[in-house]
Ligand code: PLP
């Protein structure tokens with residue numbers, strides 16, 4: 001049996017895979033077992049921030065692997081402390097909890113918010129308000145937070161205590177705040193899986209105002225938008241607000257699993273011993289990898305991300321097969337005339353890998369992708385979008 005057949009036989013059928021047997025990668029390029037080269041504009045769903053097998057990242061991982069690969073959270077380790085310090089210094093958040101994935105980072109955020117509300121207002125103030133069309137993960141709690149019914153079917157009962165309201169409807173949020181005794185409002189600044197839809201500054205600011213006035217925590221899910229993806233360190237920084245809790249993952253580890261929950265002033269000391277934990281959380285190799293990513297996300301680098309973004313927006317805006325371009329930084333959604341799935345399949349044939357989100361083509365290229373490579377991929381993609389059929 002070949003790899004595809006063995007995969008279908010032995011791996012649970014949860015993913016609809018593209019017909020590519022990935023063998024190795026370098027920078028923005030992925031190679032299949034026949035040596036075919038692809039420009040990867042998905043970067044492992046926004047994970048390979050510096051592309052495949054980035055040298056600085058690889059060296060950091062190798063060095064840490066040969067020093068201390070895993071111990072446990074019973075002991076102090078340098079990579080986790082260094083990373084936590086840097087994250088706090090660059091965001092103004094106060095403390096960090098490390099886990100392994102975006103869903104877990106959100107679970108931690110939800111637990112922090114519930115404990116804060118229980119202590120401050122009473123145990124009945126547990127509801128978390130999220131937005132319709134959001135995506136927060138696949139665990140039963142983060143599925144409950146996800147405001148899309150299609151993910152809930154057949155998995156009920158989900159964790160209770162989640163209410164979803166319509167994005168951009170300030171009145172609906174105000175009403176929910178009055179009636180639902182919420183502990184927190186949780187949202188993505190750009191709904192990623194929901195179709196790369198940025199929320200308006202007016203709405204985000206209103207959420208911050210309403211939550212502050214009512215001492216409700218504001219949790220920003222930066223799993224997809226974080227770590228330089230939007231041209232700022234975190235997407236909320238585009239909106240001039242300061243959240244109470246931020247969750248992130250994906251690009252932070254640059255290819256190794258690391259979930260992170262950043263705790264602001266109100267919740268910095270919310271957890272006591274035994275309140276939360278994760279065996280693999282703060283793994284030294286993952287933290288060393290993340291450090292090598294995060295240290296490079298300086299202003300100069302982020303402004304390059306913005307320049308590449310502007311280039312892509314301009315390029316695709318003038319393409320007649322594309323109805324609209326949405327997103328921020330290098331998180332881009334293309335509303336195409338032809339079905340996104342067809343575009344993705346044809347792009348693959350022509351050596352460009354893209355993602356989809358709902359009805360859109362979604363691009364999450366590595367942040368350090370060369371301009372020339374980006375231009376080549378954009379040209380191939382726009383030609384495909386412009387085709388009649
Ligand atoms: N939150 C957001 C906004 C995401 O986009 C995702 C994954 O796509 C998650 C949470 C879940 O992250 P993970 O798959 O690492 O659990």
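The values are calculated or read from the model by the stated rules, or taken from the named source; none is laboratory data. Quick caveat, the model's predicted, so the values are computed rather than measured. Note: ideal-geometry Cβ built from the backbone for every residue, glycine included; neighbour counts use all protein chains shown.
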| message | Looking only at the stretch 237-259, how many residues end up being surrounded by 24 or more Cβ atoms within 10 Å (Cβ to Cβ), under 28 Å from residue 181 (Cα atoms) and more than 11 Å from the ligand (Cβ to nearest atom)? | response | 4
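Does the stretch 151-160 contain any residue that is closer than 25 Å to residue 274 by Cβ, surrounded by fewer than 16 Cβ atoms within 10 Å (Cβ to Cβ) and at pLDDT 95 or above? Walk me through it before giving the result.
The first filter runs over the stretch 151-160 and keeps only residues closer than 25 Å to residue 274 by Cβ, leaving 159-160.
Within this subset, residues satisfying the condition of being surrounded by fewer than 16 Cβ atoms within 10 Å (Cβ to Cβ) are 159-160.
Of the ones still in play, those that are also at pLDDT 95 or above are 159-160.
Within the stretch 151-160 (the criterion being closer than 25 Å to residue 274 by Cβ, surrounded by fewer than 16 Cβ atoms within 10 Å (Cβ to Cβ) and at pLDDT 95 or above), the answer is yes, since at least one residue qualifies.
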| task | Tally the residues that are in contact with a helix residue (DSSP H, G or I) (Cβ under 7 Å, 6 or more places away or on another chain), within 16 Å of the ligand (Cβ to nearest atom) and either outside any strand (DSSP E or B) or not assigned by TED's automatic domain parsing to the domain that holds residue 273 (or both), restricting the search to the stretch 87-111. | result | 5
| note | Among (1) surrounded by fewer than 21 Cβ atoms within 10 Å (Cβ to Cβ); (2) at pLDDT 95 or above; (3) in a loop (DSSP other than H, G, I, E, B), residue 303 falls short only on (3)
| request: Determine whether residue 272 is outside the structural domain of residue 48 (by TED's automatic domain parsing) and surrounded by 14 or more Cβ atoms within 10 Å (Cβ to Cβ). | output: no
| query | Take the residues of the stretch 34-58 that are assigned to a helix (DSSP H, G or I) and surrounded by fewer than 22 Cβ atoms within 10 Å (Cβ to Cβ): which is farthest from the ligand (Cβ to nearest atom)? | reply | 55
| task | Report yes if residue 78 is assigned by TED's automatic domain parsing to the domain that holds residue 258 and away from the ligand (no atom under 16 Å from the Cβ), otherwise no. | result | yes
| message | Can you find a residue that is more than 16 Å from the ligand (Cβ to nearest atom), part of a helix (DSSP H, G or I), in contact (Cβ under 8 Å) with a residue 40 or more places away in the chain and within 18 Å of the chain's Cα centre (by Cα) anywhere in the stretch 270-287? | response | yes
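Would a scan of the stretch 123-141 turn up a residue that is at pLDDT 95 or above, in a helix (DSSP H, G or I) and within 14 Å of the ligand (Cβ to nearest atom)?
Kept after step one, since they are at pLDDT 95 or above, are these residues of the stretch 123-141: 123-141.
Filter once more, so that each one left must be in a helix (DSSP H, G or I): 140-141.
Then drop every residue that is not within 14 Å of the ligand (Cβ to nearest atom), which leaves 140-141.
The answer is yes; a qualifying residue exists.
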| request: Tell me, please, whether a residue that is surrounded by fewer than 18 Cβ atoms within 10 Å (Cβ to Cβ), modelled with pLDDT of 95 or more and touching a helix residue (DSSP H, G or I) at 6+ places or on another chain (Cβ under 6 Å) can be found in the stretch 307-318. | output: yes
| said: Quick test for you: out of 381, 334, pick the one residue that is touching a strand residue (DSSP E or B) at 6+ places or on another chain (Cβ under 7 Å), part of a strand (DSSP E or B) and not assigned by TED's automatic domain parsing to the domain that holds residue 134. | reply: 334
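Criterion first (part of a strand (DSSP E or B), in contact (Cβ under 8 Å) with a residue 60 or more places away in the chain and more than 16 Å from the ligand (Cβ to nearest atom)) does residue 30 satisfy it?
Details: part of a strand (DSSP E or B): yes; in contact (Cβ under 8 Å) with a residue 60 or more places away in the chain: yes; more than 16 Å from the ligand (Cβ to nearest atom): yes.
Yes.
Quick one: would you say residue 144 is outside any loop (DSSP other than H, G, I, E, B) and touching a residue at least 24 places away in the same chain (Cβ under 8 Å)?
On the way: outside any loop (DSSP other than H, G, I, E, B): yes; touching a residue at least 24 places away in the same chain (Cβ under 8 Å): no.
The answer is no for residue 144.
Just give me the residues in the stretch 242-257 being within 17 Å of residue 201 (Cα to Cα) and touching a strand residue (DSSP E or B) at 6+ places or on another chain (Cβ under 8 Å), in sequence order.
First pass over the stretch 242-257, keeping only residues within 17 Å of residue 201 (Cα to Cα): 242-243.
The one that is within 17 Å of residue 201 (Cα to Cα) and touching a strand residue (DSSP E or B) at 6+ places or on another chain (Cβ under 8 Å): 243.
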| field | Residue list for the stretch 190-236, restricted to those being assigned to a strand (DSSP E or B) and either away from the ligand (no atom under 16 Å from the Cβ) or under 19 Å from residue 110 (Cβ atoms) (or both) | value | 191, 217, 218, 219, 220, 221
| query | Is one or more of the residues making up the stretch 59-76 touching a residue at least 24 places away in the same chain (Cβ under 8 Å), buried (at least 22 other Cβ atoms within 10 Å of the Cβ) and either under 20 Å from the mean Cα position of the chain (by Cα) or in a loop (DSSP other than H, G, I, E, B) (or both)? | reply | no
